[in-house]
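Working notes, beginning with the structure itself.
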Amino acid sequence: MAGDTLTSSEYIKHHLTNLTFGQHPDGSWGMAHNAAEAKAMGFWAIHVDTMFWSIGLGILFLYFFSKVAKTATTGVPEGLQNFVEWLVDFIDTSVRGSFSARNSLVAPLALTVFVWIFLQNLMDLVPVDLIPEAAKLLGIHFMKVVPSTDPNATFGMAIGVFILVLFYSIKIKGIGGFAGELTLQPFSADNMLVKLLFIPINFILEFVSLIAKPISLALRLFGNMYAGEMIFILIAIMYNAGLILGLFGGVLQLGWAIFHILIITLQAFIFMTLTIVYLDMAHHEH
């Protein structure tokens, strides 16, 4: 519970620190014991908790959906099959509305992106002290359970989408067509000399627009989920500030949790929709 052994500042820092594995300054490899050690490990350090929960939730998603697929029956669906069929129809409708080309990868990708990110976001509704305190009993000092509050996770997913955008841009349009989109618009001219002068200007503008796609995907998801997690942590601190503030914190936590259900769903939907839109743009000439 907040405040038992830590100050409010220490409590917040503890809950926002990932379980990090990497190389210590002395050359040895192991877990970081505090935020300073984690920072000293540098770029190649691994956030073990982010990897564990994101991969675990992905496996959970695959297990339940494969189970439904294997046991699906005809007629009126019930239970989990009914939910999965509704979700598949919802994703299919979203893809049909935003993707005008033909690609059998897009709908399964959209389904995976939406469900996987939703499950990661859903972990934010778990009481902030429940899993970290359980982890302490196993000797694990840090444990962040919401992968989407880690920019490494959100940028990883965004970069994966960006690679697909580049792949299909080159596959559909060819290297010349893709290069033309980056250099021959938005400014153009009939005079060849003026057109050549516009090329570097166009490239700067279009390159910034291209790079902004994965950055906006990653930062939007990270920022919203990180802010939501921070609010839950701040509310948890109120439980050790007296009975009245504790009761008030309970009301706030319930209200924020109900509102946060909308946020975690909306952020998963936005990431999925932008993924579809970016892939649609990659399949068509500007």
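Just so you know, all these numbers are worked out from the coordinates, no wet-lab data involved. Computed from a prediction, not measured in an experiment: that's the story for all the values here. Ideal geometry is used to build each Cβ from the backbone, glycine not excepted, and the neighbour counts take in all protein chains shown.
Would you pull out the residues with amide H under 5 Å of T20's amide H, same chain only if 5 or more places away, H placed 1.01 Å from N?
A32, V48
Calculate for the chain the 222 nm mean residue ellipticity that helices alone would give, adding -39,500 (n - 2.57) per DSSP H run of length 4 or more and normalising by residue count, nearest 500 deg cm²/dmol.
Details: 9 runs with 202 residues, N = 286.
Calculated mean residue ellipticity at 222 nm is -24500 deg cm²/dmol.
Anything over 18 Å Cα to Cα? Flag those among K13/K144; K144/K213; K39/K136; K13/K136, in the order listed.
Where the Cα-Cα span goes over 18 Å, the pairs concerned are K144/K213; K39/K136.
Once both axes come from the Cα atoms, what is the angle between helix 48-71 and the longest principal axis of the chain, in degrees from 0 to 90, rounded to 10?
70
Based on Cα positions only, what radius of gyration and what Dmax would you give for the stretch 22-134, in angstroms?
My reading of the Cα-based Rg and Dmax gives 19.9, 64 Å.
Could you run the Karplus curve 6.51 cos²θ - 1.76 cosθ + 1.60 with θ = phi - 60° over the stretch 98-112 and give me ³J(HN,Hα) per residue in whole Hz, x for Gly and Pro?
10, 10, 9, 8, 10, 7, 6, 7, 5, 5, x, 5, 4, 4, 4
Based on DSSP loop calls and a cut-off of at most 12 other Cβ atoms within 10 Å, the longest stretch of the chain free of exposed GluC sites (Glu not before Pro) is what?
Details: sites that count: E78, E285.
It works out to 79-284.
With labels modelled as points extended 7 Å from the Cα through the Cβ direction, what inter-label distance (nm, one decimal) is found for K136 paired with I59?
For K136 paired with I59, the spin-label model returns 2.7 nm.
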